[in-house]
1. Can you run phi through the Karplus equation (6.51, -1.76, 1.60; θ = phi - 60°) for the range 203-209 and list ³J(HN,Hα) in whole Hz, with x for Gly and Pro?
2. Leaving out same-chain residues fewer than 8 places away, which aspartates and glutamates sit with a Cα under 19 Å from that of LYS139?
3. Taking a ≥ b ≥ c as the square roots of the Cα gyration tensor eigenvalues, with a/c under 1.5 meaning rounded and otherwise prolate when a/b beats b/c, else oblate, which class fits the range 1-76?
4. Using modelled backbone amide H atoms (1.01 Å from N, in-plane), which distant-in-sequence or interchain residues come within less than 5 Å of VAL113's amide H?
5. Once label points are set 7 Å from the Cα along Cα→Cβ at both ARG62 and PHE129, what is their separation, rounded to one decimal in nm?
6. Using helices alone, I'd like the mean residue ellipticity at 222 nm for the chain: each DSSP H run of four-plus residues gives -39500 (n - 2.57), total over residue count, nearest 500.
7. Provide ARG31, ARG158 in ascending order of the number of other Cβ atoms located within 10 Å of each residue's Cβ, fewest first.
8. So for VAL72, VAL46, VAL150, fewest C-beta neighbours within 10 Å to most, what's the order?
Amino acid sequence: MSTYVLMKILESAPSRYDAGIRMLTLGQIDRIYERIALLVEKDQKVLDIGCGTGALSLRSARRGAFVKGIDVNSEMLEVARRRAKKEDLQNITFEETGIAEMEKEGSDSYDVVMSGLCFSELSKGEIAFTLEEAMRILKPGGKLIIVDEVLAVSLPLRILQLAVRIPLVVITYLLTQTTTHTVKGLAQSLVWSGFQLESSQTYQMGTLIQMVARKPNGE
Ligand SMILES: C[S@@+](CC[C@H](N)C(=O)[O-])C[C@H]1O[C@@H](n2cnc3c(N)ncnc32)[C@H](O)[C@@H]1O
């Protein structure tokens with residue numbers, strides 16, 4: 001619980017990232033990502049924001065979607081490219097770009113925009129920008145899928161979460177000079193950006209959330 005902040009340390013050792021994150025989430029992240037992939041259909045166009053080593057991108061590509069994964073960490077992308085090559089997946093590309101470059105994507109051009117454990121690395125302003133851009137680039141009726149760390153709703157769990165989290169934030173900051181934060185007010189931000197919330201599910205004592213939202217069809 002709430003050990004996700006340690007993923008910043010794992011990001012500096014990308015070859016060990018997947019095994020590390022699996023351990024930190026007790027395998028739960030794999031199970032969640034497998035279920036998310038089921039929401040992606042053959043031939044759909046998918047953008048994976050902060051794709052890292054390709055956990056969500058590769059699963060979507062295996063289902064026959066055309067996937068673009070973007071990330072600012074070239075070493076994480078290197079691992080993702082190696083994995084795609086090993087499986088001979090031709091329907092996937094990885095680009096070393098940040099969210100700012102979403103501006104280059106065409107309007108109404110994606111069926112699915114997804115992001116796993118990346119919003120917790122973005123500032124409030126970056127999250128607002130990303131949601132705005134996701135709304136623009138999704139086709140009407142297109143899906144936005146986000147998985148990330150949030151604060152538990154119940155007070156005792158929240159206290160426990162912070163008690164575990166704070167020392168880990170300090171350790172992570174000492175080792176990487178960076179940290180992550182829990183994503184706050186995501187449902188509200190989605191609605192403000194014009195999305196219709198379709199489903200919301202929490203895991204790990206309410207500290208990990210999966211949200212699926214839709215760009216309205218305009219009917
Ligand atoms: C914890 S990793 C998650 C990777 C992958 N989505 C997964 O679930 O395994 C977060 C990723 O977000 C990327 N990231 C952070 N800030 C970003 C930004 N501004 N634009 C694009 N990617 C970013 C990091 O480089 C990192 O690879």
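Throughout, read-outs are computed from the coordinates displayed, never taken from laboratory work. A quick note: this is a predicted structure, and the numbers were derived from the prediction, not measured. Please note: Cβ atoms are built from the backbone with ideal geometry, for glycine as well, and neighbour counts cover all protein chains shown.
1. With the stated coefficients, the range 203-209 comes to 9, 6, 6, x, 9, 10, 10 Hz.
2. GLU41, ASP43, ASP48, GLU101, GLU103, GLU105, ASP108, ASP111, GLU198, GLU219
3. Oblate shape, in that a/c is at least 1.5 and b/c is the bigger or equal ratio.
4. Placed amide hydrogens put LEU47, LYS143, LEU144, ILE145 under 5 Å from VAL113.
5. Distance between label points: 3.4 nm.
6. Working: 8 runs with 89 residues, N = 219.
The helix-only estimate for the chain comes to -12500 deg cm²/dmol at 222 nm.
7. Exposure proxy ranking, most exposed first: ARG31, ARG158.
8. Starting with the residue having the fewest Cβ neighbours, the order is VAL72, VAL150, VAL46.
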